[in-house]
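Beneath this line is the structure, given in structure tokens, with notes to follow.
The values are calculated or read from the model by the stated rules, or taken from the named source; none is laboratory data. Model, not experiment: these values are computed from the prediction. Every residue, glycine as well, gets a Cβ built from its backbone with ideal geometry; the counts of neighbours run over all protein chains shown.
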Amino acid sequence: MERGYPEDDVLYKWNNHVVPAYKEFLLPYRESCNKVVLNNLDTPDDIIRVTEEISAELKAKFC
């Protein structure tokens, strides 16, 4: 509602696009990931921290 989308449209997209894509493209690879980022909260500091950690790891690996 806060973005002006009707609830039935959001639910349709969630059930017919987001969930199937998650199951096909993300879930099968979860066990082979080095890092799993749970983003259930809207906490900018946590997102910035994780981004900085990943950036530092990539710089150390490729520089």
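The table for this structure:
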item	result
Residue in the stretch 5-25 that is in a loop (DSSP other than H, G, I, E, B) and among the β-branched types (Val, Ile, Thr) present	no
Those residues of the stretch 1-57 which are in contact with a helix residue (DSSP H, G or I) (Cβ under 8 Å, 6 or more places away or on another chain) and surrounded by 10 or more Cβ atoms within 10 Å (Cβ to Cβ), in sequence order	VAL37
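Quick grid of which residues meet (1) of a type in the set (A, V, I, L, M); (2) in contact with a Gly (Cβ under 9 Å, 6 or more places away or on another chain); (3) modelled with pLDDT of 90 or more:
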| site | (1), (2), (3) |
| --- | --- |
| PRO6 | no, no, yes |
| TYR22 | no, no, yes |
| PHE25 | no, no, yes |
| GLU31 | no, no, yes |
| ASP45 | no, no, no |
| VAL50 | yes, no, no |
